[in-house]
Amino acid sequence: MEARRVKTVRSDWSNTILVCKKCSKKLGGGFGAKGKTGLAKAPREELGVGKGRKGAVGIIEVKCLGVCPRGSVTVVNGAAPGTWLLVEQGLPAAKVAAELGLGQTRDARVVTDPNEASRPDPTELRIA
């Protein structure tokens, strides 16, 4: 009998965000410029990150998380799984991204550590 092995697949994610699909569906969107975009899509558009494993951050819609707040969506930041966020309908995507600790850097990569954005780019040439 042949021994099975576990394979790995590379991902460019720096963080994983879980968004309750049931909460999002109940609101019927509620985010974005016109208020018709779902919460899983709004921060992705705001930050300009791609979709799938090649994106800078993974924003995944999951089954019901069991909190079911009225007028809000339950969100879990993979970097801080001990604190769940209840994001109210209509909150701007930029504010949602800030609450999740996500920010944008020079090369459109998402930074989860606020100190990392202020660090100088080691590839930049400095002329004294």
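Miscellaneous remarks
- The fraction of Cα-Cα pairs per 5 angstrom bin, counted from 0 for the stretch 1-71, comes to 3, 15, 20, 19, 15, 10, 6, 5, 3, 2, 1, 0 percent, rounded to whole percents.
- Here is the list for the stretch 1-99: trypsin sites (Lys or Arg not before Pro) lying in DSSP coil, each with at most 12 other C-beta atoms within 10 angstrom of its C-beta, are ARG4, ARG5, LYS7, ARG10, LYS34, LYS36, LYS51, ARG53, LYS54, LYS63, ARG70.
- Residue-normalised accessible area of the stretch 1-73, expressed per residue, 1.4 Å probe, Å²: 70 Å²
The values are calculated or read from the model by the stated rules, or taken from the named source; none is laboratory data. All values reported here derive from a predicted model rather than from experimental measurement. With ideal geometry, Cβ positions are generated from the backbone for all residues, glycine too; neighbour counts draw on all protein chains shown. Just so you know, the surface numbers come from the protein's heavy atoms only, side chains and all, with ligands and any DNA or RNA stripped out. Shrake-Rupley method; radii C 1.70, N 1.55, O 1.52, S 1.80 Å.
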